[in-house]
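What follows is a set of notes on a single structure, which appears directly below.
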Amino acid sequence: MAKKFACSSIGMQCGWEASAKDENALMKQVAAHAKKAHNMSKIDDATMHKIRDAIEEE
Ligand SMILES: [Zn+2]
């Protein structure tokens, strides 16, 4: 089952969305985006939790 994530779903003023074949692949895309677009070199635990809650089945 594919997974998808929208940055706006965790309250970011951002229109970025991504989907991937599984959660691990999606999290890699999210981490790369967070670093590039939001200047987060590391995603903290609280944010990681929000992201996992916001991931939806596609
Ligand atoms: Zn974003």
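Scanning segment 2-42 for residues that are part of a loop (DSSP other than H, G, I, E, B) and either in contact with a Lys or Arg (Cβ under 6 Å, 6 or more places away or on another chain) or at negative phi (or both) returns Ala2, Met12, Gln13, Cys14, Gly15, Trp16, Lys21, Asp22, Met40, Ser41, Lys42.
Of the listed requirements (1) within 11 Å of the ligand (Cβ to nearest atom); (2) in a helix (DSSP H, G or I); (3) surrounded by 15 or more Cβ atoms within 10 Å (Cβ to Cβ), Thr47 misses just one: (1). Reported count of residues in segment 12-26, each being within 15 Å of the ligand (Cβ to nearest atom) and either within 11 Å of Ile55 (Cβ to Cβ) or in contact (Cβ under 8 Å) with a residue 24 or more places away in the chain (or both), is 5.
Cβ separations smaller than 7 Å between residues 6+ apart or across chains give the following pairs from segment 27-38 residues that are closer than 12 Å to Phe5 by Cα to residues that are at pLDDT 95 or above and within 7 Å of the ligand (Cβ to nearest atom): His33/Trp16. Out of curiosity, is Ser41 at pLDDT below 95 and of a type in the set (Ser, Thr, Tyr)? For Ser41, the condition - at pLDDT below 95 and of a type in the set (Ser, Thr, Tyr) - is met.
The values are calculated or read from the model by the stated rules, or taken from the named source; none is laboratory data. Remember, it's a predicted structure, so these values are computed and weren't measured experimentally. Backbone-built Cβ (ideal geometry, glycine too); neighbour counts: all protein chains shown.
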